[in-house]
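Notes for the one structure printed next.
Please treat every number below as a calculation from the coordinates, not as lab data. Only a predicted model underlies this, so the values are computations on that prediction, with no experimental measurement involved. Positions of Cβ are generated from backbone atoms using ideal geometry, with glycine treated the same way; all protein chains shown enter the neighbour counts.
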Amino acid sequence: MTREVFLKQLPQLVKNYTPTSDVLKHISKVELLMIIGPSGVGKTSIIDRLGLKYVPSDTTRLARPEEINGLDMYFLTSYDQVIADIKAGIFVQLLVGASGDFYGTRATSYPADGWAVMPVLADVVPIFRNLGFKRTISTFITPPSYEEWMRRLGSHKLSTEQLRKRLVEAQRSHEFAIKDNQIHFILNDDLSKAVEQTKALIDGRVDAAREELAKFTAKKNLSMLIQSL
């Protein structure tokens, strides 16, 4: 099957998707920490230091230069197999990304029970919340300033078009997080503090002052971002 044919079929497959009862039973024992935020805010650095089971997604998009297949994500190239797996209901959830590519997570990528962590697009946060996990926490990572965020993003050496797409997605994720009253804002002005703030949430402790500062900073960053687009 060609990529073009696959991408045409994908939206309907996603729309009609239902995971199997075994998949739903599996995740009912899992507590999920969702890390939200655009490129360059430090999601990966925080995840690496949390000590939780990382859940890699499956995707049909191409790997970025810094990404490793099977570690960061599973980069799929057999479109026929992807369709067969979707029809078999083995994924927890599915998503059509901004580029039209497939994204999903397999039940086998999650632990048998306990905590797991994964970066997620803002679009799928409501879906994950309603799937039947034992518990979910959703966090939005905020850099200390717009200027620092752009500096970090610049180190990724993106093309003009790649940068534009990531900034458009950044606007969407900011707007979602600011409007959602269940989101916890994590200020990544200092990596150790950001990690500790995130770990505290798992233990049921909220640093209200840092969350308020992080949300205020996110609003400022969004305002600057909108002006730049």
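Computed from phi, the 3J(HN,Hα) profile of segment 66-76 under the Karplus parametrisation 6.51, -1.76, 1.60 (θ = phi - 60°) reads 8, 8, 10, 5, x, 10, 6, 7, 9, 9, 8 Hz, with x in place of Gly and Pro.
Take the Cα radius of gyration of segment 101-229 and divide it by 2.2 N^0.38 Å, N being the number of residues; the result is 1.12.
Backbone amide hydrogens, once placed in the peptide plane, bring residue 57 within less than 5 Å of 74, excluding anything fewer than 5 places away on its chain. Taken along its principal axes, the alpha carbon cloud of segment 56-148 reaches lengths of 44, 35, 22 Å, longest axis first. Between residue 68 and residue 148, the distance separating the two model label sites (each 7 Å from Cα on the Cα→Cβ line) works out to 2.8 nm.
For the chain, the membrane-span-like helix rule (DSSP H, alpha carbon extent of at least 18 Å along the helix axis, mean Kyte-Doolittle at least -0.5) picks out 3-15, 208-228; this says nothing about an actual membrane.
Counted over the chain, the DSSP beta bridges are approximately 25% antiparallel. Think of each Lys and Arg Cβ as +1 and each Asp and Glu Cβ as -1; about the Cα centre, that makes the dipole of the chain roughly 260 debye. Segment 69-148 and segment 169-229 have Cα centres separated by 20 Å.
Kirkwood hydrodynamic radius computed over the chain comes to 18.4 Å, based on all pairs of distinct alpha carbons.
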